[in-house]
Amino acid sequence: MNVEDFDFHLPEHLIAQTPLQDRTASRLLVLDKETGETKHRQFPDFVNELEAGDVLVLNNTRVLPARLIGVKEETGAAIEILLLKENGEDKWETLVKPAKRIKEGNVVSFGNGLLNAECTAVLPQGGREFKFTYNGIFFEILDQLGEMPLPPYITEKLDDEERYQTVFAKERGSAAAPTAGLHFTEEVLQQLKEKGVKIAFITLHVGLGTFRPVSVDTIEDHTMHAEYYSVTEVTANTINQAKASGRKVIAVGTTSARTLETIASENDGKIIEASGWTSIFIYPGYEFRILDGLLTNFHLPKSTLLMLVSAFASQEYIMDAYTSAVENEYRFFSFGDAMFIK
């Protein structure tokens, strides 16, 4: 399958640069994956799409202030590091700008020596592994020195960094937000609970794959970067009981979808308590084992996320829906509007 099949024209002004003042003020495009029918709604209408006994699965990862600006000790050159994956023993896999300035053995200093990092390995595509040294607690120092790593297509500064966190963010370790969850407030979650919808949490720390475009011509040749996930016994039981009783399981975001499908694909369609690394790549032709519905944002042209939603509904229906979204001037990407595929 050709990557070009997932291209579409997106006017630049439709890329949302800032979050709306009210998290729930976004629009909601509802797509029937069986018929291709679309409806234009507002996000609070999402509550009406679910029924008592349905399970809504949310990703409770918390974004790290993972963007660090420091200086190379040998030359004083400015170096930017983006933390992506913790490898243990204070070692992190990172992206570096400019990567060509950093070789194995080079040291970068942050906050006038409050935090130091020595390059311990050169990785592909601008990646570097660093070992950090510091006095105190690493994450407290990171909170002090780090910045929120907004996606490259967002060029405006974020006034309130909590707006790039979901209201249920808990487990820190992500390099990017699970953006479909940004639309929820405590009030909306309470409305869902009062309706009898069950809320379940998984964790998937969004990593390097979020920042890498598809660079091959044929989808099957693309390799996904591994991301860490974790699912509790409580969540597993909640989902399995819902499926057994004929209720629907709705994933909020492609991260939740990939986590559930990873586990189900390895356990005969069941969800179990599990943790590990997933590099699952879902594109048209994939047979879903758990998902009955998917709430997601509008994604980049030719992205693996667009391929995933095209697998869930159909490429034709998704591309038609995206055409409609552009024509109706929906807001795209992280701070944009939402789409519910049912």
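The values are calculated or read from the model by the stated rules, or taken from the named source; none is laboratory data. This one's a predicted model, so the numbers in the text were calculated from it and none came from an experiment. No Cβ is skipped: glycine too gets one built from the backbone with ideal geometry, and neighbour counts run over all protein chains shown. In case anyone asks, the SASA skips ligands and DNA or RNA and just uses the protein heavy atoms, side chains included. Shrake-Rupley method; radii C 1.70, N 1.55, O 1.52, S 1.80 Å.
The three principal axes of the C-alpha atoms in the stretch 67-147 carry coordinate ranges of 30, 27, 21 Å, sorted with the longest axis first.
Expressed as a fraction of 2.2 N^0.38 Å, the value expected for a compact globular protein of N residues, the C-alpha radius of gyration of the stretch 1-123 is 1.64. Between the stretch 17-73 and the stretch 143-179, the C-alpha centres lie 14 angstrom from each other.
The order of Glu73, Glu12 by accessible area, most exposed first and with a 1.4 Å probe, is Glu12, Glu73. Panel note: the C-alpha atoms of the stretch 158-296, placed on their principal axes, show extents of 47, 45, 24 Å (largest first). Largest first and in whole Å, the equivalent-ellipsoid semi-axes of the chain read 34, 22, 20, each the square root of five times a Cα gyration tensor eigenvalue. Projected onto planes of every orientation and averaged, the convex hull of the alpha-carbon atoms in the stretch 235-342 covers 7.1 nm².
In order along the stretch 286-295, the Karplus-derived 3J(HN,Hα) couplings, from 6.51 cos²θ - 1.76 cosθ + 1.60 at θ = phi - 60°, round to 6, 9, 6, 10, 10, 5, 10, x, 9, 9 Hz, and Gly and Pro are given as x. Modelled spin-label separation between Asn267 and Thr133, with each label point placed 7 Å from Cα along the Cα-to-Cβ direction: 4.3 nm. Both the radius of gyration and Dmax for the stretch 150-217 are 15.0, 48 Å, in that order, over alpha-carbon atoms. Reported to the nearest whole Å, the Cα centre-to-centre distance from the stretch 299-342 to the stretch 82-97 is 31.
Taking 8 Å as the Cα distance limit and 6 or more residues as the minimum spacing, I'd like the relative contact order of the chain as a percentage. So the answer I get is 25 percent.
Convex hull volume per residue, computed on the Cα atoms of the stretch 270-324, equals 107 Å³. Between Arg23, Arg101, Arg128, where does the largest GNM mean-square fluctuation fall for the chain, given springs only between Cα atoms within less than 10 Å? For the chain, modelled as a Gaussian network with Cα springs under 10 Å, the answer is Arg101. Of the cross-linked pairs Lys195/Lys270; Lys198/Lys270; Lys131/Lys157; Lys39/Lys193, those separated by over 20 Å at the C-alpha level are Lys195/Lys270; Lys131/Lys157; Lys39/Lys193. Selection among Ala121, Gly88, Leu142 by position relative to the dipole of the stretch 67-147 gives Ala121 as farthest towards the positive end (Cβ unit charges, Cα centre). Estimated from helices alone, the mean residue ellipticity of the chain at 222 nm is -5500 deg cm²/dmol (sum of -39500 (n - 2.57) over DSSP H runs with n ≥ 4, per residue).
Surface composition of the chain: carbon and sulfur make up 44 percent of the accessible area, probe 1.4 Å.
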